[in-house]
Amino acid sequence: MSKVLVVTSGKGGVGKTTTSAAISSGLAMAGKKTVVIDFDVGLRNLDLIMGVERRVVYDIVNVIQGEAGLNQALIRHKEVDNLYVLPASQTKDKDALTEEGVGKVLDDLRAEGFDYIVCDSPAGIERGAQLAMYYADEAIVVSNPEISSVRDSDRMLGILASKSRRAKDGETAIKEHLLITRYAPDRVGTGEMLSVEDMLEILAVPLLGVIPESNAVLQASNAGRPVILDENTDAGQAYQDAVARLLGEERPMRFIETEKKGFLGRLFGRS
């Protein structure tokens, strides 16, 4: 049975699209037939991070408006089996997304046998963001360890609990997960960032993973390659752990403590 998974947060620039690309890639690598949908109509960045921007011909709005079939718009990822991308439109207005249209696209994707439908939500609470989360079965709320990001994430949790289809129909609530991004333990130690414990106390949502602040994320984005494919990087490994937990595997949290220096490191001031 297909699961609709929304990646969301109130604040922009926290790593939603990076997370959508990494999580969808990881699910596909685990053998799940997966599609990731860009709901950021008017901007469209997911195709760049997925490295498929040159192959975009049709988009989700074309499908909703009957200008193209679903299979015409779906782009198969060239590096990851079982992974497909449904891009957003750069030219249409956000109002082109309708509740009925999005619902039909999701139904058609279920009929195509997708195990996971990952919805990359735009920032904020506008129409695109609300439609991305409306049909969700599960939600990954992405937050940086700073108070404004946590406050916005808390607001999104309230919207997920009250404005989703599941909430309106009185069904079982959306299963929520917290993913902390750009975490730097040394900055937590100096009081510049909130700790994992602080964030969990405020948001009270199960922790899916902690992604360390890492140059690997920017390098992967610039290369048009989901960072989870860079298995030797800390961020890539952290996303692999998060996907494993999403699929029910228990893994210890890594990258949440300051790396201890050895004797020579303490002596010479290096790790």
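Excluding ligands, DNA and RNA, the accessible surface per residue across the stretch 103-250 is 44 Å² with a 1.4 Å probe.
Helix 16-29 and the longest principal axis of the Cα set of the chain meet at an angle near 80°. The rule of thumb for compact globular proteins, 2.2 N^0.38 Å, goes into the C-alpha radius of gyration of the stretch 1-247 0.95 times.
For the chain, the longest principal axis of the Cα atoms and the long axis of helix 147-163 meet at an angle of about 30 degrees. Mean residue ellipticity at 222 nm, helices only, the chain: -11500 deg cm²/dmol; runs of at least 4 DSSP H residues each add -39,500 (n - 2.57), and the sum is divided by the number of residues.
For residue 244 and residue 175, what is the calculated FRET efficiency with R₀ set at 22 Å and r taken between the beta-carbons, to the nearest 0.05?
E between residue 244 and residue 175, to the nearest 0.05, is 0.85.
Counted over all Cα-Cα pairs of the stretch 104-234, pairs farther apart than 17 Å make up 66 percent.
Solvent exposure of residue 186, expressed as accessible area, is near 90 Å², computed with a probe of 1.4 Å over the protein chains only.
Relative to the longest principal axis of the Cα atoms of the chain, the long axis of helix 99-111 makes an angle of roughly 80 degrees. Taking every protein chain into account, the accessible area of the stretch 20-101 amounts to 43 square angstrom per residue (probe 1.4 Å).
Determine the share of the stretch 1-247's accessible area contributed by carbon and sulfur atoms, expressed in whole percent, with a 1.4 angstrom probe. The nonpolar share, carbon plus sulfur, comes to 45 percent.
Each label point was placed 7 Å from the Cα along the Cα-to-Cβ direction; for residue 81 and residue 68 their separation is 2.7 nm. Relative contact order for the chain: what is it in percent, counting Cα pairs under 8 Å that are at least 6 residues apart? Here the relative contact order equals 23 percent.
Note that the stretch 1-136 carries a Kirkwood radius of 14.4 Å, evaluated over its alpha carbons pair by pair.
The values are calculated or read from the model by the stated rules, or taken from the named source; none is laboratory data. Here the structure is a predicted model, which means the values were calculated and not measured. With ideal geometry, Cβ positions are generated from the backbone for all residues, glycine too; neighbour counts draw on all protein chains shown. Areas reflect the complete protein model, heavy atoms only, side chains present, ligands, DNA and RNA absent. Shrake-Rupley method; radii C 1.70, N 1.55, O 1.52, S 1.80 Å.
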